[in-house]
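In what follows, a single structure is set out as C-alpha coordinates and then discussed.
The values are calculated or read from the model by the stated rules, or taken from the named source; none is laboratory data. Quick caveat: nothing in here was measured; it's all calculated off a predicted structure. No Cβ is skipped: glycine too gets one built from the backbone with ideal geometry, and neighbour counts run over all protein chains shown. Just the protein is used for accessible areas: all its heavy atoms, side chains included, with ligands, DNA and RNA removed. Shrake-Rupley method; radii C 1.70, N 1.55, O 1.52, S 1.80 Å.
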Amino acid sequence: MVSFLGHPPLQLHIVFQTVSSAGSMSVSTFLYIAAIVASATAVYYPPSVPTNVEESHFAYQLKSFRQELDECAEYLQVTPGSVDNLAANNYVTEDPTLKCLIRCVGINAGWWTVGGNNSGLHGPVIESYFAPGCADTCYAKRTQDCVASKVTPCQDDCTNAYQAFLCYYHQYGNLKSSEEYLPVPQLDAVQAAVDCMLLLRTPKELLEQYVQGVFPEVPETQCLYRCQYLAEGLYDGVTLNLTRVYIRNYKTPAPQIKSPEIQSCVDSRLRENCNECARVFQVSKCPDKYADPDFSAKIFRVAAGLVLAQRTCLDEDLKPRYNAGSAR
(Lines give C-alpha, C1' and ligand atoms only; values in the text may rest on other atoms or scores of the structure.)
Protein backbone atom coordinates (compact mmCIF):
# COMPACT_ATOMS: atom_id res chain seq x y z
CA MET A 1 0.00 0.00 0.00
CA VAL A 2 1.18 3.53 -0.83
CA SER A 3 0.30 6.77 0.92
CA PHE A 4 0.00 10.05 -1.03
CA LEU A 5 0.34 13.45 0.68
CA GLY A 6 -0.95 12.25 4.00
CA HIS A 7 -4.01 10.53 2.55
CA PRO A 8 -5.01 7.03 3.69
CA PRO A 9 -3.08 4.25 1.88
CA LEU A 10 -4.37 3.45 -1.61
CA GLN A 11 -4.92 -0.14 -2.61
CA LEU A 12 -2.87 -0.66 -5.80
CA HIS A 13 -3.08 -4.39 -6.08
CA ILE A 14 -5.05 -4.02 -9.35
CA VAL A 15 -2.15 -2.12 -10.88
CA PHE A 16 0.32 -4.72 -9.72
CA GLN A 17 -1.86 -7.45 -11.19
CA THR A 18 -1.86 -5.55 -14.50
CA VAL A 19 1.92 -5.31 -14.48
CA SER A 20 2.15 -9.00 -13.64
CA SER A 21 -0.07 -10.02 -16.55
CA ALA A 22 1.73 -7.73 -19.02
CA GLY A 23 5.35 -8.34 -18.31
CA SER A 24 6.48 -6.08 -21.13
CA MET A 25 4.91 -2.98 -19.52
CA SER A 26 7.54 -0.35 -18.85
CA VAL A 27 8.16 1.19 -15.45
CA SER A 28 7.09 4.59 -16.78
CA THR A 29 3.76 3.15 -17.90
CA PHE A 30 3.21 1.60 -14.46
CA LEU A 31 3.91 4.91 -12.72
CA TYR A 32 1.51 6.67 -15.09
CA ILE A 33 -1.26 4.19 -14.26
CA ALA A 34 -0.51 4.54 -10.54
CA ALA A 35 -0.80 8.31 -10.79
CA ILE A 36 -4.20 7.98 -12.49
CA VAL A 37 -5.41 5.65 -9.72
CA ALA A 38 -4.20 8.06 -7.06
CA SER A 39 -5.82 11.11 -8.62
CA ALA A 40 -9.09 9.29 -9.22
CA THR A 41 -9.47 7.84 -5.74
CA ALA A 42 -7.62 10.25 -3.44
CA VAL A 43 -9.98 12.16 -1.11
CA TYR A 44 -8.98 15.05 1.14
CA TYR A 45 -9.12 14.09 4.79
CA PRO A 46 -8.77 17.03 7.26
CA PRO A 47 -6.40 16.51 10.19
CA SER A 48 -8.05 14.58 12.99
CA VAL A 49 -8.70 16.34 16.31
CA PRO A 50 -6.39 15.04 19.07
CA THR A 51 -8.39 12.90 21.46
CA ASN A 52 -6.19 13.72 24.45
CA VAL A 53 -6.84 17.50 24.40
CA GLU A 54 -9.72 18.77 26.51
CA GLU A 55 -11.62 22.00 25.90
CA SER A 56 -10.53 24.78 28.25
CA HIS A 57 -13.03 25.50 31.02
CA PHE A 58 -13.40 27.25 34.37
CA ALA A 59 -13.89 25.52 37.71
CA TYR A 60 -17.68 25.73 37.71
CA GLN A 61 -20.18 23.51 35.90
CA LEU A 62 -23.73 23.75 34.60
CA LYS A 63 -25.91 20.64 34.51
CA SER A 64 -29.56 19.81 33.99
CA PHE A 65 -31.46 17.56 36.36
CA ARG A 66 -31.85 14.93 33.65
CA GLN A 67 -28.13 14.99 32.90
CA GLU A 68 -27.37 14.40 36.57
CA LEU A 69 -29.98 11.65 36.68
CA ASP A 70 -28.45 9.85 33.69
CA GLU A 71 -24.94 10.19 35.12
CA CYS A 72 -26.06 8.66 38.41
CA ALA A 73 -27.78 5.84 36.55
CA GLU A 74 -24.37 5.02 35.08
CA TYR A 75 -22.73 5.14 38.50
CA LEU A 76 -25.35 2.91 40.15
CA GLN A 77 -25.96 0.63 37.14
CA VAL A 78 -29.63 1.59 36.84
CA THR A 79 -31.05 0.79 33.40
CA PRO A 80 -32.23 3.62 31.11
CA GLY A 81 -35.67 2.02 31.08
CA SER A 82 -35.94 2.29 34.85
CA VAL A 83 -34.93 5.95 34.70
CA ASP A 84 -37.54 6.67 32.02
CA ASN A 85 -40.22 4.90 34.05
CA LEU A 86 -39.27 6.85 37.16
CA ALA A 87 -39.63 10.16 35.32
CA ALA A 88 -42.89 9.04 33.66
CA ASN A 89 -44.33 8.20 37.11
CA ASN A 90 -43.45 11.68 38.42
CA TYR A 91 -40.62 10.20 40.49
CA VAL A 92 -42.98 8.25 42.74
CA THR A 93 -41.35 4.96 43.73
CA GLU A 94 -40.90 2.51 46.57
CA ASP A 95 -37.77 1.00 45.04
CA PRO A 96 -34.81 1.60 47.41
CA THR A 97 -32.43 1.61 44.45
CA LEU A 98 -34.30 4.45 42.76
CA LYS A 99 -34.44 6.41 45.99
CA CYS A 100 -30.67 6.09 46.19
CA LEU A 101 -30.56 7.24 42.58
CA ILE A 102 -32.20 10.53 43.62
CA ARG A 103 -29.74 10.81 46.52
CA CYS A 104 -26.93 10.41 44.01
CA VAL A 105 -28.42 13.25 41.95
CA GLY A 106 -28.40 15.41 45.06
CA ILE A 107 -24.73 14.70 45.72
CA ASN A 108 -23.93 15.21 42.03
CA ALA A 109 -25.72 18.58 41.96
CA GLY A 110 -24.51 19.71 45.37
CA TRP A 111 -27.91 19.99 47.07
CA TRP A 112 -27.36 16.95 49.30
CA THR A 113 -24.27 16.44 51.47
CA VAL A 114 -23.32 13.36 53.42
CA GLY A 115 -21.28 13.74 56.60
CA GLY A 116 -19.78 16.79 58.23
CA ASN A 117 -21.42 19.76 59.91
CA ASN A 118 -23.38 20.67 56.78
CA SER A 119 -24.78 17.25 55.92
CA GLY A 120 -28.27 17.04 54.54
CA LEU A 121 -30.29 19.34 52.28
CA HIS A 122 -29.08 22.68 50.88
CA GLY A 123 -32.11 24.75 49.91
CA PRO A 124 -30.38 27.46 47.84
CA VAL A 125 -28.96 24.77 45.54
CA ILE A 126 -31.98 22.52 45.00
CA GLU A 127 -34.42 25.39 44.53
CA SER A 128 -32.56 26.52 41.42
CA TYR A 129 -33.89 23.39 39.66
CA PHE A 130 -37.54 24.39 40.18
CA ALA A 131 -39.65 27.27 38.86
CA PRO A 132 -42.47 28.45 41.17
CA GLY A 133 -45.76 29.59 39.68
CA CYS A 134 -46.01 33.34 39.08
CA ALA A 135 -49.07 33.71 41.32
CA ASP A 136 -47.87 31.30 43.99
CA THR A 137 -46.77 33.14 47.13
CA CYS A 138 -46.77 30.21 49.53
CA TYR A 139 -44.45 27.76 47.76
CA ALA A 140 -41.49 28.39 50.08
CA LYS A 141 -43.51 27.86 53.28
CA ARG A 142 -45.20 24.74 51.91
CA THR A 143 -41.84 23.28 50.92
CA GLN A 144 -40.24 24.04 54.29
CA ASP A 145 -43.16 22.42 56.14
CA CYS A 146 -42.94 19.37 53.90
CA VAL A 147 -39.19 18.96 54.44
CA ALA A 148 -39.59 19.38 58.20
CA SER A 149 -42.17 16.58 58.33
CA LYS A 150 -40.72 14.18 55.75
CA VAL A 151 -36.96 14.38 56.36
CA THR A 152 -36.27 12.84 59.76
CA PRO A 153 -33.27 11.32 61.56
CA CYS A 154 -35.15 8.03 61.80
CA GLN A 155 -34.85 7.32 58.06
CA ASP A 156 -31.92 6.15 56.02
CA ASP A 157 -29.99 8.67 53.96
CA CYS A 158 -31.42 7.60 50.58
CA THR A 159 -35.00 7.93 51.83
CA ASN A 160 -34.33 11.37 53.34
CA ALA A 161 -32.75 12.70 50.15
CA TYR A 162 -35.62 11.24 48.11
CA GLN A 163 -38.28 12.75 50.38
CA ALA A 164 -36.57 16.14 50.28
CA PHE A 165 -36.60 16.05 46.49
CA LEU A 166 -40.30 15.10 46.44
CA CYS A 167 -41.11 18.07 48.68
CA TYR A 168 -39.59 20.43 46.15
CA TYR A 169 -41.09 18.53 43.22
CA HIS A 170 -44.62 18.67 44.65
CA GLN A 171 -44.56 21.94 46.61
CA TYR A 172 -41.96 24.36 45.25
CA GLY A 173 -42.62 24.49 41.50
CA ASN A 174 -42.10 22.85 38.14
CA LEU A 175 -38.91 20.90 37.54
CA LYS A 176 -36.76 22.78 35.02
CA SER A 177 -35.14 21.20 31.99
CA SER A 178 -32.40 23.83 31.79
CA GLU A 179 -28.80 23.53 32.92
CA GLU A 180 -28.25 25.03 36.35
CA TYR A 181 -25.24 26.26 38.30
CA LEU A 182 -23.47 23.79 40.57
CA PRO A 183 -21.71 25.18 43.64
CA VAL A 184 -17.97 24.70 43.25
CA PRO A 185 -16.71 22.07 45.73
CA GLN A 186 -14.20 23.29 48.31
CA LEU A 187 -11.26 21.40 46.84
CA ASP A 188 -12.03 22.68 43.33
CA ALA A 189 -12.32 26.24 44.62
CA VAL A 190 -8.92 25.95 46.29
CA GLN A 191 -7.42 24.51 43.10
CA ALA A 192 -8.88 27.43 41.14
CA ALA A 193 -7.27 29.84 43.60
CA VAL A 194 -3.92 28.05 43.25
CA ASP A 195 -4.19 28.33 39.48
CA CYS A 196 -5.04 32.03 39.71
CA MET A 197 -2.07 32.73 41.99
CA LEU A 198 0.27 30.95 39.61
CA LEU A 199 -1.21 32.54 36.50
CA LEU A 200 -1.08 36.04 37.99
CA ARG A 201 2.36 35.42 39.52
CA THR A 202 1.22 36.68 42.92
CA PRO A 203 4.29 37.96 44.82
CA LYS A 204 5.71 35.77 47.55
CA GLU A 205 5.39 38.51 50.17
CA LEU A 206 1.67 38.80 49.44
CA LEU A 207 1.18 35.04 49.64
CA GLU A 208 2.82 35.05 53.06
CA GLN A 209 0.34 37.69 54.19
CA TYR A 210 -2.58 35.73 52.75
CA VAL A 211 -1.58 32.70 54.79
CA GLN A 212 -1.81 34.88 57.89
CA GLY A 213 -5.26 36.12 56.89
CA VAL A 214 -4.04 39.56 55.83
CA PHE A 215 -5.31 40.79 52.45
CA PRO A 216 -3.91 44.19 51.44
CA GLU A 217 -6.21 46.03 49.05
CA VAL A 218 -3.62 46.32 46.31
CA PRO A 219 -3.92 45.61 42.57
CA GLU A 220 -2.54 42.08 42.94
CA THR A 221 -5.19 41.17 45.51
CA GLN A 222 -7.93 42.80 43.48
CA CYS A 223 -6.94 40.88 40.36
CA LEU A 224 -6.85 37.66 42.37
CA TYR A 225 -10.49 38.21 43.37
CA ARG A 226 -11.41 38.86 39.74
CA CYS A 227 -9.68 35.67 38.60
CA GLN A 228 -11.37 33.59 41.33
CA TYR A 229 -14.80 34.99 40.55
CA LEU A 230 -14.34 34.21 36.88
CA ALA A 231 -13.21 30.66 37.70
CA GLU A 232 -16.20 30.05 39.98
CA GLY A 233 -18.64 31.52 37.47
CA LEU A 234 -19.70 34.35 39.79
CA TYR A 235 -18.50 37.07 37.41
CA ASP A 236 -18.85 36.85 33.65
CA GLY A 237 -16.71 39.78 32.59
CA VAL A 238 -19.70 42.14 32.74
CA THR A 239 -21.52 41.79 36.05
CA LEU A 240 -21.84 39.75 39.24
CA ASN A 241 -24.33 36.87 39.19
CA LEU A 242 -26.11 37.24 42.53
CA THR A 243 -28.06 34.00 42.16
CA ARG A 244 -24.79 32.10 41.97
CA VAL A 245 -23.38 34.04 44.92
CA TYR A 246 -26.50 32.99 46.84
CA ILE A 247 -25.91 29.35 45.88
CA ARG A 248 -22.23 29.67 46.81
CA ASN A 249 -23.29 30.69 50.33
CA TYR A 250 -25.68 27.76 50.79
CA LYS A 251 -24.21 26.97 54.22
CA THR A 252 -25.57 30.29 55.48
CA PRO A 253 -28.54 30.80 53.14
CA ALA A 254 -29.72 34.39 52.78
CA PRO A 255 -32.21 35.17 49.98
CA GLN A 256 -31.46 38.86 50.55
CA ILE A 257 -28.28 38.33 48.52
CA LYS A 258 -30.51 38.38 45.43
CA SER A 259 -32.44 41.47 46.53
CA PRO A 260 -32.77 44.75 44.55
CA GLU A 261 -30.73 46.38 47.29
CA ILE A 262 -27.65 44.28 46.51
CA GLN A 263 -28.22 44.49 42.77
CA SER A 264 -28.28 48.28 43.07
CA CYS A 265 -24.95 48.16 44.91
CA VAL A 266 -23.48 45.99 42.17
CA ASP A 267 -24.73 48.27 39.38
CA SER A 268 -23.43 51.36 41.14
CA ARG A 269 -19.94 50.02 41.83
CA LEU A 270 -19.58 48.69 38.32
CA ARG A 271 -19.77 52.29 37.14
CA GLU A 272 -17.44 53.76 39.74
CA ASN A 273 -14.04 52.52 38.60
CA CYS A 274 -12.61 52.07 35.14
CA ASN A 275 -9.99 49.59 36.40
CA GLU A 276 -11.34 46.07 35.84
CA CYS A 277 -9.72 44.41 38.86
CA ALA A 278 -10.60 47.24 41.25
CA ARG A 279 -14.17 47.27 39.96
CA VAL A 280 -14.72 43.54 40.51
CA PHE A 281 -13.08 43.70 43.93
CA GLN A 282 -15.44 46.44 45.08
CA VAL A 283 -18.46 44.70 43.57
CA SER A 284 -17.56 41.47 45.39
CA LYS A 285 -18.17 43.28 48.68
CA CYS A 286 -21.79 44.12 47.88
CA PRO A 287 -23.31 40.82 49.14
CA ASP A 288 -21.15 40.83 52.31
CA LYS A 289 -24.03 42.31 54.30
CA TYR A 290 -25.79 38.94 54.04
CA ALA A 291 -23.13 36.54 52.72
CA ASP A 292 -19.98 35.23 54.41
CA PRO A 293 -17.54 38.15 53.95
CA ASP A 294 -14.55 35.85 54.43
CA PHE A 295 -15.64 33.17 51.95
CA SER A 296 -12.93 33.90 49.38
CA ALA A 297 -10.34 34.79 52.03
CA LYS A 298 -10.61 31.31 53.54
CA ILE A 299 -9.99 29.76 50.14
CA PHE A 300 -7.04 32.07 49.46
CA ARG A 301 -5.40 31.24 52.81
CA VAL A 302 -5.31 27.54 51.97
CA ALA A 303 -4.27 28.12 48.38
CA ALA A 304 -1.47 30.51 49.33
CA GLY A 305 -0.01 27.91 51.68
CA LEU A 306 -0.02 25.33 48.89
CA VAL A 307 1.66 27.70 46.44
CA LEU A 308 4.31 28.72 48.96
CA ALA A 309 5.12 25.08 49.63
CA GLN A 310 5.98 24.68 45.94
CA ARG A 311 8.16 27.79 45.64
CA THR A 312 11.92 27.59 45.11
CA CYS A 313 14.73 30.12 45.12
CA LEU A 314 14.53 30.18 41.34
CA ASP A 315 11.18 31.95 41.37
CA GLU A 316 11.18 35.45 39.99
CA ASP A 317 8.95 37.01 42.62
CA LEU A 318 11.04 36.74 45.79
CA LYS A 319 10.86 40.54 46.13
CA PRO A 320 7.57 42.37 46.69
CA ARG A 321 6.10 44.01 43.63
CA TYR A 322 3.24 45.93 45.16
CA ASN A 323 2.75 49.16 47.05
CA ALA A 324 2.74 48.09 50.69
CA GLY A 325 1.77 51.60 51.69
CA SER A 326 -1.72 51.05 50.33
CA ALA A 327 -2.32 48.02 52.55
CA ARG A 328 -5.20 48.34 54.92
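The table below lists the values:
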quantity: Potential extension, residue 179-residue 70 segment - 0.36 nm per residue separation minus Cα distance; calculated: 37.9 nm
quantity: Selection from 306, 253, 287, by position along the positive dipole direction of the range 230-312 (Cβ); calculated: 306
quantity: Distance (nanometres) between label positions extended 7 Å along Cα→Cβ at residue 251 and residue 187; calculated: 1.6 nm
quantity: Amide proton proximity set for residue 61, modelled H, under 5 Å, gap of 5+; calculated: 182
quantity: Karplus-derived HN-Hα couplings along the range 275-282 (A = 6.51, B = -1.76, C = 1.60, θ = phi - 60°), whole Hz, x at Gly and Pro; calculated: 7, 4, 5, 5, 5, 5, 4, 5
quantity: For residue 93, residues with placed amide H under 5 Å, excluding near neighbours; calculated: none
quantity: Those residues of the range 150-168 whose amide nitrogen sits under 18 Å from the label point placed on residue 90, 7 Å along Cα→Cβ; calculated: 162-168
quantity: By average C-beta atoms within 10 angstrom, highest first, the peptides 176-186, 70-80; calculated: 176-186, 70-80
quantity: Protection-proxy order for peptides 94-100, 272-278, 193-199, each taking the mean of Cβ atoms within 10 Å per residue, highest first; calculated: 193-199, 94-100, 272-278
quantity: Anisotropy class of the range 134-194 from Cα gyration tensor, a/c 1.5 cut; calculated: oblate
quantity: Of all accessible heavy-atom area on the range 138-219, the percent that carbon and sulfur account for (1.4 Å); calculated: 52 percent
